[in-house]
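The values are calculated or read from the model by the stated rules, or taken from the named source; none is laboratory data. This one's a predicted model, so the numbers in the text were calculated from it and none came from an experiment. Neighbour counts are summed over all protein chains in view; Cβ atoms, including those assigned to glycine, are modelled from backbone coordinates with ideal geometry. Surface areas here come from the heavy atoms of the whole protein model, side chains and all, with no ligands, DNA or RNA. Shrake-Rupley method; radii C 1.70, N 1.55, O 1.52, S 1.80 Å.
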Amino acid sequence: MTTQRPARRNHSYAKAVFLLITAFIVIQAAEEPEVRVKSLFESQKFRTATEFLRSDHARFVQELITLTEIPAPPLKEQARAKAYLEMLSVNGLSDVEMDAEGNVMGLRKGSGGGPMLAVLAHLDTVFPEGTDVNVKRTGTKLAAPGVGDDTRALAVVLHILRAMAAAKFQTVSDILFVGDVGEEGEGDLRGVKYLLTKGKYKDRVKQLIAVDSSEQMRISAAGIGTKRYRVSFLGPGGHSYLAFGLVNPAFAMGNAIAKMARLKVTDQPKTTFNVGVLSGGTSVNSIPAKVSMDVDLRSESKDELNKLVDRFHSILHEAVVEENEARSTKQGAIVVETKLISDRPTGETPHDSALVRSAAAVIQAFGHEPVYGALSTDANIPMNIGIPAIAIARGGKGGRQHSLDEWVDVEENSSVEAAQILMLTILAAAAASGQ
Ligand SMILES: [Zn+2]
């Protein structure tokens, strides 16, 4: 009994101290991203890095041109990957390597103890082999297929690596810089999927930044869900005149496309559909035996995407039935084959996560307001498996991405500011100190 009182007093004293410390830690943690960004923004190291970015601008532009002119068609990124591997290794990274999927990467070591940050820019473009990728320069504008998406990101990453080294920035977290394969189209995010689920860093990457947006102030903390299908309509085929009256897969597909064109989808959450590639048939005077189309369905909402997918499958079925009723099936009926060629899951990173707050604080430090949105990028995969991830701008003005007349503006002031914003976001996420 006698020993109980002092023990209890000690206990409540310890408890009070513990609570005070906890409260202090919670308050510190709550302030941390914004406080860190502010101190980095005001640091001498940041001024040194900015001076360096200006002096290095011409080299950045030259490397952007060099990389753009190395073709990187879907599933054929090897030549550009090898060149980028070389560029990563001369910019001070360690453990530079290509993984089994074809991603190239290198590590910028931190002092230890922080969650590893992966920074991704994708190597692949949407343009097929044989596309003219020579860069045409007019003033500060560069035009070439792929010059923005995502080659500018590959080049700006090298640029900020040099600036971080020049200013001797030290981070707590290790930063893994990756030029990844297979972001676009049929690549189906194969590079980032391999990196996070099979590669040697698979359980070590704890936060991820995809440098893959054309909008400077946008933080994409949500991933758009995408499903893509290759749909083939098959029939008996025949002579256009002699076999007239037989079912025709082209009519079935045309009917399906017309039905899709009349689909109603929601603006909020944004939901979209597209028929992007059409092919089939062998000659003008033959009823085709096969025609195909590639269809892209997307939504910010998993439920809306599922509804759209269901409606799409119904339409295909209706179109087949209607064609088989409209014409003769005596030589065989129309059938449809559907193959899922791409499946990008939806996901989200909470706006109050340290990563999103850091990115927002950086944009605010430059006097702008962040805009939150959703994109379909490499960041979808980590978001979907619970790793905090965002997609942010590669910087600079530009337009017409995914078209042959894609362009970017490499005007120095806006390019340097974009590089500063990206660099600070990476540094804040990797817990750099300005001291
Ligand atoms: Zn991209």
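Kindly indicate whether any position in the range 325-344 is open to solvent by 40 Å² or more (accessible area, probe 1.4 Å) and within 16 Å of the ligand (Cβ to nearest atom).
Within the range 325-344 (the criterion being open to solvent by 40 Å² or more (accessible area, probe 1.4 Å) and within 16 Å of the ligand (Cβ to nearest atom)), the answer is no, since none of the residues qualifies.
How many residues are closer than 15 Å to Ala155 by Cβ and either hydrophobic (A, V, I, L, M, F, W, C) or surrounded by fewer than 18 Cβ atoms within 10 Å (Cβ to Cβ) (or both) when one looks only at the range 52-80?
Total meeting the criteria: 13.
Go over the candidates Val126, Val135, Val119 one by one and state the one that is closer than 21 Å to Gly398 by Cβ, open to solvent by 20 Å² or more (accessible area, probe 1.4 Å), within 16 Å of the ligand (Cβ to nearest atom) and touching a residue at least 40 places away in the same chain (Cβ under 8 Å). Please lay out each step first, then the result.
Working: Val135 fails: within 16 Å of the ligand (Cβ to nearest atom); Val119 fails: open to solvent by 20 Å² or more (accessible area, probe 1.4 Å).
None of the others qualify; the one that does is Val126.
Just checking, which of Gln216, Gln207 is of a type outside the set (Phe, Trp, Tyr) and more than 16 Å from the ligand (Cβ to nearest atom)? Spell out how you get there, then give the answer.
Values: Gln216 fails: more than 16 Å from the ligand (Cβ to nearest atom).
Matching residue, one of Gln216, Gln207: Gln207.
Cβ-Cβ under 7 Å, sequence separation 6+ or interchain: first residue in the range 145-157 and open to solvent by less than 10 Å² (accessible area, probe 1.4 Å) and of a type in the set (Val, Ile, Thr), partner within 9 Å of the ligand (Cβ to nearest atom) and assigned to a loop (DSSP other than H, G, I, E, B). Which pairs?
If the second residue must be within 9 Å of the ligand (Cβ to nearest atom) and assigned to a loop (DSSP other than H, G, I, E, B), the pairs left are Val156/Arg394.
Tell me which of these Leu142 doesn't satisfy, since it passes every other one: (1) within 16 Å of the ligand (Cβ to nearest atom); (2) in a strand (DSSP E or B).
(1)
What's the number of the condition Ile381 fails, among (1) farther than 30 Å from Gly114 by Cβ; (2) among the β-branched types (Val, Ile, Thr); (3) within 16 Å of the ligand (Cβ to nearest atom)?
(1)
For the range 162-176, check the following and say yes or no: at least one residue is open to solvent by 40 Å² or more (accessible area, probe 1.4 Å), under 20 Å from the mean Cα position of the chain (by Cα) and among the aliphatic types (A, V, I, L, M).
no
From (1) among the polar types (S, T, N, Q); (2) within 16 Å of the ligand (Cβ to nearest atom); (3) exposed (fewer than 15 other Cβ atoms within 10 Å of the Cβ), pick out the condition that doesn't hold for Ser94.
(2)
Looking at the range 200-213 only, could you name the residues that are under 20 Å from Ala391 (Cβ atoms) and surrounded by fewer than 20 Cβ atoms within 10 Å (Cβ to Cβ)? Explain how you work it out, then say what you get.
Within the range 200-213, the subset under 20 Å from Ala391 (Cβ atoms) is 201, 205-213.
Result: Tyr201, Lys206.
Report yes if some residue within the range 291-302 is open to solvent by 30 Å² or more (accessible area, probe 1.4 Å) and in contact with an Asp or Glu (Cβ under 7 Å, 6 or more places away or on another chain); otherwise report no.
no
Here's the yes/no breakdown for (1) assigned to a helix (DSSP H, G or I); (2) touching a strand residue (DSSP E or B) at 6+ places or on another chain (Cβ under 9 Å); (3) more than 16 Å from the ligand (Cβ to nearest atom):
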position: Leu154; (1), (2), (3): yes, yes, no
position: Val157; (1), (2), (3): yes, yes, no
position: Leu161; (1), (2), (3): yes, yes, yes
position: Met164; (1), (2), (3): yes, yes, yes
position: Lys168; (1), (2), (3): no, no, yes
position: Leu176; (1), (2), (3): no, yes, yes
position: Gly182; (1), (2), (3): no, yes, no
position: Gly191; (1), (2), (3): yes, yes, no
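Please go through the range 310-324 and give me each residue that is of a type in the set (Asp, Glu) and open to solvent by less than 60 Å² (accessible area, probe 1.4 Å), ordered by number.
Hits for the range 310-324 are Glu318, Glu323.
Only residues that are touching a helix residue (DSSP H, G or I) at 6+ places or on another chain (Cβ under 6 Å) and of a type in the set (Val, Ile, Thr): list them for the range 378-389, please.
Result: Ile381, single match.
May I ask you to verify whether Asp149 is over 13 Å from Glu77 (Cβ atoms), within 16 Å of the ligand (Cβ to nearest atom) and modelled with pLDDT under 95?
Details: over 13 Å from Glu77 (Cβ atoms): yes; within 16 Å of the ligand (Cβ to nearest atom): yes; modelled with pLDDT under 95: no.
So Asp149 fails the test.
Of the residues in the range 238-262, how many are of a type in the set (A, V, I, L, M, F, W, C) and open to solvent by 30 Å² or more (accessible area, probe 1.4 Å)?
As a first pass, look at the range 238-262 and keep what is of a type in the set (A, V, I, L, M, F, W, C): 242-244, 246-247, 250-253, 256-258, 260-261.
Next cut, open to solvent by 30 Å² or more (accessible area, probe 1.4 Å) only: 242, 244, 250-251, 257-258, 261.
Qualifying residue count, the range 238-262: 7.
Tell me whether the range 216-224 contains one or more residues that are under 30 Å from Ala428 (Cβ atoms) and among the polar types (S, T, N, Q). I'd like the intermediate steps shown before the answer.
At the first step, the residues of the range 216-224 found to be under 30 Å from Ala428 (Cβ atoms) are 216-224.
Cutting the leftovers down to among the polar types (S, T, N, Q) gives us 216, 220.
Yes, the range 216-224 contains at least one residue that is under 30 Å from Ala428 (Cβ atoms) and among the polar types (S, T, N, Q).
For the range 312-323, state whether one or more residues are more than 30 Å from Thr425 (Cβ to Cβ) and among the aromatic types (Phe, Trp, Tyr).
Looking only at the range 312-323, we keep the residues that are more than 30 Å from Thr425 (Cβ to Cβ), and these are 312-323.
Narrowing the set further to residues that are among the aromatic types (Phe, Trp, Tyr) leaves 312.
Yes, the conditions are met somewhere in the range 312-323.
Report the residue count in the range 345-378 for those that are open to solvent by 30 Å² or more (accessible area, probe 1.4 Å) and within 16 Å of the ligand (Cβ to nearest atom).
Summing the residues that are open to solvent by 30 Å² or more (accessible area, probe 1.4 Å) and within 16 Å of the ligand (Cβ to nearest atom) in the range 345-378 gives 1.
Is at least one residue of the range 293-312 in contact (Cβ under 8 Å) with a residue 24 or more places away in the chain, assigned to a helix (DSSP H, G or I) and farther than 30 Å from Asn384 by Cβ? I'd like the intermediate steps shown before the answer.
Kept after step one, since they are in contact (Cβ under 8 Å) with a residue 24 or more places away in the chain, are these residues of the range 293-312: 293-302, 304-305, 308-309, 311-312.
Within this subset, residues satisfying the condition of being assigned to a helix (DSSP H, G or I) are 302, 304-305, 308-309, 311-312.
Within this subset, residues satisfying the condition of being farther than 30 Å from Asn384 by Cβ are none.
No, the conditions are met nowhere in the range 293-312.
When you scan the range 406-433, how many residues do you find that are part of a loop (DSSP other than H, G, I, E, B) and open to solvent by less than 10 Å² (accessible area, probe 1.4 Å)? Before the answer, list the steps.
From the range 406-433, those part of a loop (DSSP other than H, G, I, E, B) are 406, 410-411, 430-431; that's our starting set.
Pick out the ones that are also open to solvent by less than 10 Å² (accessible area, probe 1.4 Å) and you get 406, 410, 430.
Of the residues in that region, 3 qualify.
What number of residues within the range 333-381 are closer than 30 Å to Pro249 by Cα and either in contact with an Asp or Glu (Cβ under 7 Å, 6 or more places away or on another chain) or not in a loop (DSSP other than H, G, I, E, B) (or both)?
As a first pass, look at the range 333-381 and keep what is closer than 30 Å to Pro249 by Cα: 333-344.
Right, trim to either in contact with an Asp or Glu (Cβ under 7 Å, 6 or more places away or on another chain) or not in a loop (DSSP other than H, G, I, E, B) (or both) and you get 334-344.
Counting residues in the range 333-381 that are closer than 30 Å to Pro249 by Cα and either in contact with an Asp or Glu (Cβ under 7 Å, 6 or more places away or on another chain) or not in a loop (DSSP other than H, G, I, E, B) (or both) gives 11.
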